[in-house]
1. Given chain A, what percent of its DSSP beta bridges are antiparallel, to the nearest 5?
2. Just need the relative contact order of segment B:1-131 here, percent rounded to a whole number, with Cα pairs under 8 Å and 6+ apart.
3. What are the principal axis extents of the Cα atoms in segment B:268-403, in Å, biggest first?
4. How many Å³ per residue does the convex hull of the Cα positions in segment A:97-233 occupy?
5. Highest first, please rank the peptides B:481-491, A:95-105, A:260-270 by the mean number of other Cβ atoms sitting within 10 Å of their residues.
6. Take the residue pairs B:401/B:431; B:552/B:642; B:557/B:606 and return only those whose Cα atoms are more than 21 Å apart.
7. Using the Kirkwood radius over C-alpha pairs as Rh, can you work out the diffusion coefficient of segment B:109-268 via Stokes-Einstein at 10 °C, viscosity 1.306 mPa s, in µm² per second?
8. In sequence order, what are the phi-derived ³J(HN,Hα) couplings for segment B:548-562 according to the Karplus relation 6.51 cos²θ - 1.76 cosθ + 1.60 with θ = phi - 60°, rounded to whole Hz, with x for glycine and proline?
Amino acid sequence: MKNNNFIFSYFLISLCLCFNLACSRDDRPIKVDLNETMHIKPKIEQNIITYAYLPQYSHTTSYKRHHQIVKYLREQTGLNIKQVFPDTFDQHMAMVGNGKVDISFSNPFIYVKLADQFNASAFARIVTIQDQEKFRGQIICRENNKNIKTLEDCRGKTWIAVDKTSAGGYLFPLGLFYSNGIYQKDFKEIAFAPGPGAKQEKVVFAVHAGKYDIGTIREGTLNVVANRIKTSDIRVIANTPLYPGWVYATRKNLDTNIIDQIKTALLALDFNKKEDRPVLEAADFIKVISSEDQEFNPIRKLAAELTVRK
Amino acid sequence: MFPFRRIKPEFRNQIYLVMFSLLMLLGLVNFFIVSKIMQDAMIEENKNRAVSIGINLSARLVEPVLTMDYFSMKKLVDETVRLSDDIYYTFVLDQNDNPVIHSFQNGFPVQLVHVNTVQKNKTFAQQYLNTGKHLVYDYALPIIVDANRIGTLRIGLLTTRVEKATRRIMIIALFSTILTILIAALAGFLLFRPMTRNINRLHNSAEQVMRGNLEIQSAPLLNKNCWDIMECSQKKCPAYHNIHQRCWYTAGTLCKTCAEGDYAKKISSCQQCKVYKTCAGNEIQSLAESFDYMILSLRDHLAELNLAKEDVSKQKTLLQTILDGLPDFVSLQNKNAEYISINQAFCTMTGKTQHDILGKTARDMFDFPHGSTYLKEDIKVLETGKPFVMETTGMDTSGKKWLHVVKSPILKETGAVSGLVSSGRDISDNKIIHEQLCQAQKMESVGQLAAGVAHEINTPLGIILGYAQILQQDVEQNSQTFQDLKLIEKHSKICSRIVSDLLRFSRRIQSTITQFDIHNSLNDVLSMIEHTYGLEHVILEKKYDADMPFVKGDEEKIKQVFINLFNNAFDAIGKNGKIGIETSLDSNTDSIVITISDTGSGILLKHLNKLFDPFFTTKGVGKGTGLGLSVTFGIIEEHGGKIKVESRQSMEELPWAYGEYNTVFIITLPISKNNELK
């Protein structure tokens, strides 16, 4: 009887183990036939209004900043507006020139070029988060860099700028240097942030890392990188004069009706409206105001000066 | 069919079997659990790896997807597949789950699109797929920018890597389990071997004991004994050089540290002794030593028990002899009234052996209704606790007996009855003597009365008879007076005869002792009655023994006996019958036997005992005085003989040895040469 109990227990445990083993397999797989295939063709959508943000940052940042505006415009105008992402400033300009970008959001220098080279026309510009209709560049160094305290101290130093076409990140500071008698040849090295995208941030990172003595950025960039580096480690040596800010422009020959719809929608954005506020905050401005091409003549003047003294 | 015989395994093999089974079980459990855990871990690790790859890739795909950079996307998905053997495919879906780019060579498999979808707020989704050729874990990961899902990355991970790793793990786990089991089994074998060996030795010792062999040694011999450890040389110590018994089991050891007394008294102090601490083994060795000690004690106790048994046996024999020597029957019954001990007289009385009687009650032993009655008496004594005394009759093998029975309760100290002792004495002889004494006294009283009456009547009767005869001479013979006187004379003579009978009964008649031939006496009597009986067709059939000695006695009285018996026979027959007369010599008892039989109506059983009583008669009024057989009995007794009567009617179912005759009187008389008349 005892032996029987023993054998029974043994058998029971073995059975449990077998059951356990049997149950240890995953769920039954779903059968999929891989033989039923299709050829993928890139979808070319018609009647798209393309919206491009000058790639001073990464595409991801560009997307983060402007996809809500694009969505807003789509909803407000009913137009099939889509954001596109040029890799470089030149590409951005080229795409405006060849009609691949219908709505350009760019700095005033680029706009001046777009207007002069490709007949783009400004129809609105932004008011910055600091409630400024105009913007400026900043010259920065490491906080602990005792050798640089004034613009004059920048002579013989290494300089990293955003891009040759960047207004706040190169041209405005260069104009400031020129006005202070400091020219490109006075710097030990002038470098530009590697592309594509995130160039403003890369300048800050390079200075923060000590790779370059000074850097030039658009005002507001430090806020962008505030969650990635300790911004108190960076000191602003000087700010450039204010110039008209970023501008919305259209390529040549865009339907004026479309321009009007978009302009109206942009001008209607109200920072105090609950539903508009996140859109504007993401885009890093608080308002869009109407604009015209002649408002950018100071830029044209600065550009001419820089070109002459180049 | 082969005859299978179940072989009971030895304890040692049972231990090994159980141990090995448990190890197997443990190993299997470990194997399965470890395998399962490792397999799950492997799958989990694989999943994590796939998810990690997916997260990286989806991050890298953000910008190409945003810019719809097909080249970059294609490069990324192709590189991902190329760099990993087990990544089967990679593809990207746009926001509307339309395939954008993929790593397949021959077109995109449409069915893959919807088999796995990642829910909103989930980081990934896993699906187990069977493509027909491969088993694939499909992972779907969202491509997210600023909380906006701009596409979905799908990665197909072949299970081959997991299966290979799992197989390898299973093999390693299996081999390690087997190795562990074998090592554990070997260790267990080495560990259990001494234990099982000791248990087997103990078992064999127990078997030897069961077979009656008490000369066994279960405990192993020690390397060092107490005299070695204590450096002792006391040869008188019972433990000295006693290698078979530990000193703490030995009483009367002489060591200074030892307490006096046996094991129970000394063990507490022994446990503190260095001999105990050195020599005491594990529980099994202790068990073996205890077993040896118990066997030793058992041996001593058995020896004592045998002596006691012999003593008890002697006492029992003696007691039984005494009991059996008693003429009284004695029995002992338990509280259920069952016989638990009896003596020989009881067996003789019941005609059964001890074996037949013991364990039974009186109801089982005796016929109904006696058995039930006896049992009731037993129960009454057991219930009341009061003795029971009675005289009763019973049948034994020799016939009816008178018994004097005493039943006494056996009382415990508490007063409760635990059984009863019965003793019975055969008082049949006493009863007979008592009855005879009563009869004799009765006869003597009757005789004295009869003698007195006869003596007083005899004289006036003689005067009546004399005067009646004288008066007859004075009156004419034909006169009424003469007739009356004749009548007076006749009845006076009848009275005179009655008186003579009474006197004879009371033995007041003088006897004339002579030696005579019994046949002559019989013939004289028969010659007188032959004619008369012949008239009634009653035949007399004689059968004399030729060699018959003389009888010494009063021939006339003997003749009177014959006359009485013949008359009784004749009266019983009435008409048409036969009376048998037979004589024989019984040389064993030196006596002659005269048998007088008749074919009459016989005698009823109830009359048989009273037949020889005076004045008892079954004849009608005026036909008999009831003194004939009393006188006959008296005469025969006077001659030192015996008379008895047997009747067919009173024999009930017993066989009847006298043929056609119904009543037989048998007279035994001593022959003359040896016997004197009383």
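1. 65
2. It comes to 11 percent, rounded to a whole number.
3. Per principal axis, max minus min of the Cα coordinates gives 81, 31, 24 Å.
4. 134
5. Per-residue Cβ counts within 10 Å, averaged per peptide and sorted highest first, yield A:95-105, A:260-270, B:481-491.
6. B:557/B:606
7. The estimated diffusion coefficient comes to 65 µm²/s.
8. Working through the residues one at a time gives 10, x, 6, 10, 9, x, 8, 4, 5, 5, 5, 4, 3, 4, 4 Hz.
Taken together, the values in this text are just the output of simple stated rules run on the coordinates, not laboratory data. Keep in mind the model is a prediction, meaning the values are calculated, not measured. When we count neighbours, we look across all protein chains shown, and the Cβ atoms used for this are built from the backbone with ideal geometry, even at glycine.
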